[in-house]
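A short write-up of the structure that comes next.
Nothing in this text is a laboratory measurement; each read-out follows from the coordinates by a stated rule. In this text, all values refer to a predicted model and were calculated from it rather than measured experimentally. FYI the Cβ positions are ideal-geometry reconstructions off the backbone, even for glycines, and counts take in every protein chain you see.
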Amino acid sequence: MTEVVIRRVRKRPMNLELNSCCRSTIHDWEPRSRIVSMGLLLISIVTLQSLALAFLGLVISFGFLVLSRTSWKHVASNLRWPLLFFMPFLLVLPFTVEGETVASLCNLSASRQGSLLGFLIFLKGFAAVILAQVLQGSSPLSVTALALRDLGIPDSLVQIFLFTYRYIDLLGQELVSSFRSISARGFEWQSNSRTAKVYGNAFGVLLLRSLARSERMFFAMVSRGYNGHLPAIKARRMNLWDWVKALSVVVIALALQFPGVMGWSML
């Protein structure tokens, strides 16, 4: 069992920058305008109340995914848990929302309104997760964090975000090392109190190592001139194409919210 845990930790590194080195229309977009405009589109999609518009939002999200040239394999691997989270809406809502009965199973009746509501939530969630992956993976995390700071996010929150991302991966490596040491001593996983005690001690050691590492990191940063703030970096100026991209995405977001203005009244 210990070897299984080690293999799982190895296979699932926290790499949010796997696609940040690609070249595409999305990657070349100025970070601040990309965050604001795609953030508005994301909010627009998750607040839709029409099934047809939600499906259109999903198509738009796939369009951005194609434009970003993001690895489909990487996206598919990240979609597993969100899909498992949204699947219960498809299975539970038809039997819990009252309305016109379309099917019956034993003493349970599935309503048309519940089925439509489940599909609506599923489509909006699916589209939002895809769009969020495109937004997050289109630039290195440090660039995104500094862009958020330029947009008014408190500097302390940006630092917490960056350090958390950086050291979660290091803690994973420490966890692999602890499990390897346990396995080398002949430990075998069993369903008893001894196993729980050994794993509890391992996680306790991990926390102590984390504390010691954080202290060393802090003193190293102070010795290099850290004063509680990230160094200011001059942001890239927006060019014409950045404005065109941002305005186009904002127009799409508004069109989804006000389909009648665009002649989409049938949606």
**Prompt:** Residue by residue, what Karplus-based ³J(HN,Hα) values in Hz, rounded to whole numbers, does segment 185-193 have, using 6.51, -1.76 and 1.60 with θ = phi - 60° and x for Gly and Pro?
**Reply:** 8, x, 6, 10, 5, 9, 8, 8, 5
**Asked** So what's the back-of-envelope 222 nm ellipticity for the chain, counting only DSSP H runs of four-plus at -39500 (n - 2.57) apiece and dividing by all residues, rounded to 500?
**Response** -23500 deg cm²/dmol
**Ranked Leu256, Leu51, criterion: other C-beta atoms within 10 Å, fewest first** = Leu51, Leu256
**Message:** Only Cα pairs within less than 10 Å get springs; with that Gaussian network setup on the chain, which residue of Leu65, Leu117, Leu105 has the largest fluctuation?
**Reply:** Leu105
**Message:** Could you tell me the center-to-center distance, by alpha carbons, between segment 49-102 and segment 204-253 in angstrom?
**Reply:** 31
**Sequence-distant residues sharing a close amide H with Thr25 (under 5 Å, placed H)** = none
**Complete:** Highest GNM mean-square fluctuation among Lys124, Lys245, Lys197, for the chain with Cα springs under 10 Å, belongs to Lys197
**Prompt:** Which of the aspartates and glutamates could a cross-linker bridge to Lys245, judged by Cα under 19 Å and excluding same-chain residues fewer than eight apart?
**Reply:** Asp28, Glu30
**Prompt:** Between Gln113 and Thr96, what length in nm is gained on full extension when 0.36 nm per residue of separation is reduced by their alpha carbon distance?
**Reply:** 5.1 nm
**Fill in**
Log entry: pair-distance distribution for the chain, C-alpha pairs binned every 5 Å from zero, whole % per bin is 1, 5, 9, 11, 12, 12, 12, 11, 10, 8, 5, 3, 1, 0, 0
**Prompt:** For Leu240 and Val143, what does the FRET efficiency come to when R0 = 25 Å and r is the distance between their Cβ atoms, rounded to the nearest 0.05?
**Reply:** 0.75
